[in-house]
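Before any comments, here is the structure.
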Amino acid sequence: MIIVIFLIGLALPTIVGWLALRALEGNAPVLTRWERWAAAAVLGPTLSMFVIFVLSIAGMPLTRFSFLAVFVSIIALLAIPAFLRSRHPIPIPNPNPNPNPIPIPIPLPYLTIPIALWIAIKVLTAAFLLISSPPFSDDVINNWNFRGMVFFHAQEFTLELQRGYGVVETDRVSAYPPSVPLFKTWLATLNGEWSDGLANAIHIIWYCCALILLFFALRRMATLWWSLIGTYMLASIPLYLMHGTLAYADLFLSLHVFLAISMLLHALREDDENRAMAYLRVSAFALAMLPFTKNEGIILYVPPLILAITGSLIWLRRRGWHVLAPALWYIGLSATVLIPWLGFKLMHDLPFGNAKAVSGFAFGWQAGALKAIVINTFMEGNWLLLMPLFFGLLLWKWRSAFRSTLILPILFILVVWIGQIGIFLFTSISNEAINQTGYARGLIHLLPLIVLVTTMLLAATVQKWKMKQ
């Protein structure tokens, strides 16, 4: 019965996301079938929970009937533009029309089945542990699941978290966007009682969505084999899989960042203006949903994303394309989410930092932070050999990398990464780097993009090596 409840609970917001994506694509369906469903399972819950958040602070109770009424209403409203805008669709071309595909080393095709089986075993094992084991992580107990449980029992959106022994908290973790806790509340409300296994199951789904979305992003730029290699590369990273088994929101946030940048990258590579505009609208949707995932979405990722989008639109304008409409999509969709959420935070004096106010940081050189960052990045098993490979290829292939459209994700990664290092080196939040917590989570947010760039640089290196033979 729990499985049926979960499937229904996931299906409704996913349908919301699918309809929103289909409406944004219009008559240029740039997403493949599986890719659209994966993106819908990520963006649909965020959009649905944002609508529920707005209605709940306006007085709507968090009951089963209210949730269902909201889902039915959103689906009905989105079905109209999805149908009207998708009439007479343009046929989807080959996802990788490159006539000179990058070759693959001969032994690798024979490893496809065992590698796929190994990934499946890891995912199934992770899912079993996630669903069957009670949560033990601090942030899960005190934030993501706890807030969902409070909303479920109170049947309303509240900032007051009864910690027990007379302790009532009204800020700190309540300052986080409530998309993940509200989704857990929806599942519990549909079930009729709280279940940690049911509430946590969505996280392994989002992990699978990350693999699917990365595969199809690579498929547009490389051969099938290199797309599989990149997907396996992401699946092999221990800490990313661990975040698929922990009920944190960092992997969830990483998917919004990845969709916003990867869709922008596809638009830059596109030769057809109509299809490029569709990619940009999907990117605008992901950007708009990003601030409602975690506070880091606003502080760390929205500013560099705005720079990346602005530069990309200027470049497309120089190609002679019309960029006013996509610019308005970016502004309009982002404002629709940012204005209510920021207004709510300011009205209730909620901090913008990582469970603490940014204004409370002490500034100055933080002893021990640099050593911890170097160890975490290059000398621990969290990332295996990915980080040395990424930076090594970046230094080796910098000339070709910065002359291609890969400059977009590369610059975004470097700007965000350097910015985060600066925060850890010069503010009192350095303890999150020294204790091996916050810094690693920052890399989790960028990991799908890092794997995408690494795979493409590695493929280009192999191609050059083959040509020299």
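Coordinate-derived values only; no laboratory data. The model shown is predicted, which means the values in this text are computed figures rather than measured ones. Positions of Cβ are backbone-derived with ideal geometry, glycine not excepted, and every protein chain shown enters the neighbour counts.
Between the amide H of THR427 and those of GLY364, distances stay under 5 Å, these residues lying 5 or more places away or on another chain, with hydrogens modeled in the peptide plane.
Cross-link list LYS294/LYS397; LYS122/LYS397; LYS184/LYS294: which exceed 26 angstrom alpha carbon to alpha carbon?
On the way: LYS294/LYS397 34 Å; LYS122/LYS397 33 Å; LYS184/LYS294 15 Å.
Violating the 26 Å Cα-Cα cut-off are LYS294/LYS397; LYS122/LYS397.
The Rg/Rh ratio for segment 212-260 is 1.01, where Rg is the radius of gyration of the alpha carbons and Rh is the Kirkwood radius.
In terms of surrounding Cβ atoms within a 10 Å radius of their Cβ, LYS122, LYS371 rank from fewest to most as LYS371, LYS122.
The alpha carbons of segment 1-88 give a radius of gyration and a Dmax of 13.8, 42 Å, in that order.
Among residues other than PRO29 whose Cβ falls under 10 Å from its Cβ, what is the net charge (Lys/Arg +1, Asp/Glu -1)?
Values: positive: ARG22, ARG33, ARG36, ARG275; negative: GLU25.
Once all neighbours under 10 Å are counted, the net charge is +3.
I need the phi-derived Karplus couplings for segment 28-35: 6.51 cos²θ - 1.76 cosθ + 1.60, θ = phi - 60°, integer Hz, Gly and Pro marked x. Couplings: 10, x, 7, 8, 6, 4, 5, 5 Hz. Sequentially through segment 128-139, phi angles give Karplus couplings (6.51, -1.76, 1.60; θ = phi - 60°) of 4, 5, 5, 7, 8, 9, x, x, 10, 6, 4, 5 Hz, Gly and Pro residues having no value and appearing as x. Couplings 3J(HN,Hα) of segment 299-309, computed from phi: 6, 9, 10, 5, x, x, 5, 4, 5, 5, 5 Hz, in residue order, whole Hz [Karplus 6.51 cos²θ - 1.76 cosθ + 1.60, θ = phi - 60°; x for Gly and Pro].
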